[in-house]
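Before any comments, here is the structure.
The values are calculated or read from the model by the stated rules, or taken from the named source; none is laboratory data. This is a predicted model, so every value here is computed, not measured. With ideal geometry, Cβ positions are generated from the backbone for all residues, glycine too; neighbour counts draw on all protein chains shown.
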Amino acid sequence: MKKTFVSASVASVLALASFGALADGPSFYGRLELATTYSQTGTTLQSGTNGVDTKNYADENNGGTYLENNFSLLGVKGTEKIAAGYDIVYQMEFQVENTSGTGDVFKARNTYLGLKTNAGTVLVGRNDTVFKQAEGNVDLFGNTNADIDRLVGAQTRSADGVWYYSPKLAGLITLNANYLMDDNESATSAEGKDSSNDYALSATLGDSKFKEQNYYAAVAYNKGIAGIDAYRLVGHAKLGQFKLGGLFQNSESVANSDVDGNTYFVNVAYDLNGVNLKAEYGVDETGFGNYYKNVTTGTNLKAGTDINVQNINIGADYRLSKSTMVYGQYSMYSGDHVVSGKKVDLQDDNVFSVGVRYDF
């Protein structure tokens, strides 16, 4: 039944794409992105990478060279005016896993139906939370094995929710919110389930794409989504050929308020005759990121306290054309934590990756 539904959904996407070729409205788009990656331990590889033992991430047998699928996708999106000042907006997007991953060939991504008016835009369906979206473009290594979700938590795409985006106030500020329905409740606490726990808020200033302004800033709050209460501050600026950015996040477990801490990173990018050079340094003290979760997943391993994870990413990318980009990068993850009163070193992960991205 599930395969039939997914097949029908993809067929609908292709049918809408064909319609889009004949009339204004739906636009068909996609991405193919593959990377060849060597990882010392496999703890930061994309989930679903073929050949990775997800029950024992930290075991040495996960080290080696892999072909990674960095979120290849197919989608269709568009708008349609239904009255003066009222537009229907929609998007259907599917992740494609038939290149290097395991499991279902198609997975749901941001898919929603909404209404855009002079008072703002309302979406209903599945979408990245406004807390996640507040990162803007500060994640220089996004959608790769060095994505910021290796350090920070609540990087969530949620279903069964409602999103609101205000118009751009004074041409600078946008206010945003999303709320999840009871059936998508993920937060738990000593008092039990409470649907009021599942929401996120954000305010953004400037332009994350640096088209209208050369700066971007955001503040965001996450309540209960992914089992975390958190707030984050984001800053990103373009200064000539340089781009400087950073993110700070404080997170606390909903189930156990004793599990909390800070995560932060700073980065810089420099355009050298079309070659985008970039470097990033990050620290995680919470253990909500994917690296710590994975490095403590094994037969004789368990999570600890006083977590200290450090991360360094360096890389470069270059566009051969508007649609095709090639890149290479290196990442290092290391750290320690306290288990049963003793300081224990975490298993390092050194990751080398080269890849190609094609957009259409």
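Every residue, every condition in (1) at pLDDT 95 or above; (2) among the hydrophobic types (A, V, I, L, M, F, W, C), yes or no:
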{"residue": "Asn276", "(1), (2)": "yes, no"}
{"residue": "Gly282", "(1), (2)": "yes, no"}
{"residue": "Thr299", "(1), (2)": "no, no"}
{"residue": "Asn308", "(1), (2)": "yes, no"}
{"residue": "Ile312", "(1), (2)": "yes, yes"}
{"residue": "Ala316", "(1), (2)": "yes, yes"}
- Answer yes if at least one residue in the range 251-266 is closer than 18 Å to Arg150 by Cβ, of a type outside the set (S, T, N, Q) and in contact (Cβ under 8 Å) with a residue 60 or more places away in the chain, and no otherwise. yes
- Query: Looking at the range 142-153, which of its residues are surrounded by fewer than 23 Cβ atoms within 10 Å (Cβ to Cβ), assigned to a loop (DSSP other than H, G, I, E, B) and touching a helix residue (DSSP H, G or I) at 6+ places or on another chain (Cβ under 9 Å)?
  - Reply: Gly142, Asp147
- Does any residue of the range 90-104 turn out to be under 15 Å from the mean Cα position of the chain (by Cα), of a type in the set (A, V, I, L, M) and crowded, with 21+ Cβ neighbours inside 10 Å? no
- Does Lys132 fit the bill of being modelled with pLDDT of 95 or more, within 24 Å of Met92 (Cα to Cα) and outside any strand (DSSP E or B)? yes
- Note on the structure: Conditions (1) more than 18 Å from Gly289 (Cβ to Cβ); (2) surrounded by 14 or more Cβ atoms within 10 Å (Cβ to Cβ); (3) not aromatic (Phe, Trp, Tyr) -> Gln329 fails only (1)
- Query: Here is a list of conditions, (1) at pLDDT 85 or above; (2) assigned to a loop (DSSP other than H, G, I, E, B); (3) acidic (Asp, Glu), and Glu33 meets all of them except one; can you say which number that is?
  - Reply: (2)
- For the range 245-360, list the strands (runs of 3 or more DSSP E) that sit wholly inside it and hold at least 2 residues that are within 20 Å of Ala154 (Cα to Cα), of a type outside the set (Ser, Thr, Tyr) and within 19 Å of the chain's Cα centre (by Cα); which are they? 260-272, 275-284
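For residues that are in a strand (DSSP E or B) and of a type in the set (Gly, Ala, Ser), scanning just the range 118-129, find the one that is surrounded by the fewest Cβ atoms within 10 Å (Cβ to Cβ).
Gly120
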- Message: Here is a check on your reading of the model: is Lys278 under 17 Å from Val354 (Cα atoms), in contact with a strand residue (DSSP E or B) (Cβ under 8 Å, 6 or more places away or on another chain) and not aliphatic (A, V, I, L, M)?
- Response: yes
